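> Please read through the structure below; I'll follow up with questions.
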Amino acid sequence: MKSIVIVAVLLVIGHNLSPSDAKVHVTVYYESLCPDSIRFISNHLYPTVQDPGLRDQIDVLFVPFGKSSSSPNGDTVEFECQHGPAECEGNRMQSCVLRQLPNNPDEQINFVACQMNFRAESSGRVCAASSHVNWRNVEECYDGRLGTKLQLEAEELTNAVLPKTNFVPTIVYNHVFDKTLHERSLREFRTVVCEMLKYEFSACH
């Protein structure tokens, strides 16, 4: 009897949900200097999340690590990245900037879109400033143990998913990897998002 009541309550809740209650969570596993990552974020992700009809329905988690790896070296940790040391620096810097914007998803997206640009200033300072980030805090994070900790956390998250595609960027919806959705997203991100939202918003039509 108890289980029947619970099911009934859930059905009522589901029936009363409006389209504005629907959201899709997107995790983007990427690298700071990866051309494919730059193209996806610039040409697909950013334009979609900037659409006023969709922006409140998409939550984005950025994981800047990609095909990098870590190795202990005495009391420190060294990172090796697919596109060289500059990419390791970029990944670490982006982790530190995103750390400064924990409750500001709009500025996280604006920063990443600004920095993931073929013409972006490499240190990240200009894009961080445009998102109102305290650069001194970023430098302290980058130069200290926190920067290493954030990259190790990014590595752990990435290693749980990236072997399934061996491709950067990798796109995951609602915390569940689906290879077909990932591959489609690289070409038609907006369409996939609208499918996930069941086309309940006018921006999808």
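> Filter the stretch 171-185 down to the residues that are touching a strand residue (DSSP E or B) at 6+ places or on another chain (Cβ under 7 Å) and aliphatic (A, V, I, L, M), then identify the one that is farthest from ALA160 (Cα to Cα).
LEU181
> Then there's this: Mind checking which residues of the stretch 175-195 are open to solvent by 70 Å² or more (accessible area, probe 1.4 Å) and either under 19 Å from SER95 (Cα atoms) or not acidic (Asp, Glu) (or both)?
HIS175, VAL176, LYS179, THR180, ARG187, ARG190 - these are the residues of the stretch 175-195 that are open to solvent by 70 Å² or more (accessible area, probe 1.4 Å) and either under 19 Å from SER95 (Cα atoms) or not acidic (Asp, Glu) (or both).
> Of all residues in the stretch 78-87, count the ones that are open to solvent by 40 Å² or more (accessible area, probe 1.4 Å) and touching a residue at least 12 places away in the same chain (Cβ under 8 Å).
So the answer is 5.
> While we're on this one: With (1) open to solvent by less than 50 Å² (accessible area, probe 1.4 Å); (2) within 18 Å of the chain's Cα centre (by Cα) as the list, and ALA120 as the residue in question, which single condition is left unmet?
(2)
> Every residue in the stretch 19-77 that is open to solvent by 10 Å² or more (accessible area, probe 1.4 Å), among the small types (Gly, Ala, Ser) and in a helix (DSSP H, G or I), please.
Once the filter is applied, which keeps residues that are open to solvent by 10 Å² or more (accessible area, probe 1.4 Å), among the small types (Gly, Ala, Ser) and in a helix (DSSP H, G or I), the stretch 19-77 yields SER20, SER42.
> Failed condition for SER202, given (1) farther than 28 Å from MET93 by Cβ; (2) open to solvent by less than 30 Å² (accessible area, probe 1.4 Å); (3) not aliphatic (A, V, I, L, M), with all others met?
(2)
> Given the conditions (1) more than 21 Å from LEU45 (Cα to Cα); (2) surrounded by 16 or more Cβ atoms within 10 Å (Cβ to Cβ), report the number of the one that PRO163 does not fulfil.
In the conditions (1) more than 21 Å from LEU45 (Cα to Cα); (2) surrounded by 16 or more Cβ atoms within 10 Å (Cβ to Cβ), PRO163 misses (2) alone.
> Moving on to the next point. What's the number of the only condition in (1) part of a loop (DSSP other than H, G, I, E, B); (2) touching a helix residue (DSSP H, G or I) at 6+ places or on another chain (Cβ under 8 Å); (3) more than 22 Å from ARG190 (Cβ to Cβ) that GLN82 fails to meet?
With (1) part of a loop (DSSP other than H, G, I, E, B); (2) touching a helix residue (DSSP H, G or I) at 6+ places or on another chain (Cβ under 8 Å); (3) more than 22 Å from ARG190 (Cβ to Cβ) applied to GLN82, the lone miss is (2).
> Kindly indicate whether any position in the stretch 88-99 is open to solvent by less than 20 Å² (accessible area, probe 1.4 Å) and either part of a strand (DSSP E or B) or modelled with pLDDT under 95 (or both).
No, the stretch 88-99 contains no residue that is open to solvent by less than 20 Å² (accessible area, probe 1.4 Å) and either part of a strand (DSSP E or B) or modelled with pLDDT under 95 (or both).
The values are calculated or read from the model by the stated rules, or taken from the named source; none is laboratory data. In this text, all values refer to a predicted model and were calculated from it rather than measured experimentally. So basically every Cβ, Gly included, is an ideal-geometry build from the backbone, and we count neighbours across all protein chains shown. The accessibility values were calculated without ligands, DNA or RNA, using every heavy atom of the protein model including side chains. Shrake-Rupley method; radii C 1.70, N 1.55, O 1.52, S 1.80 Å.
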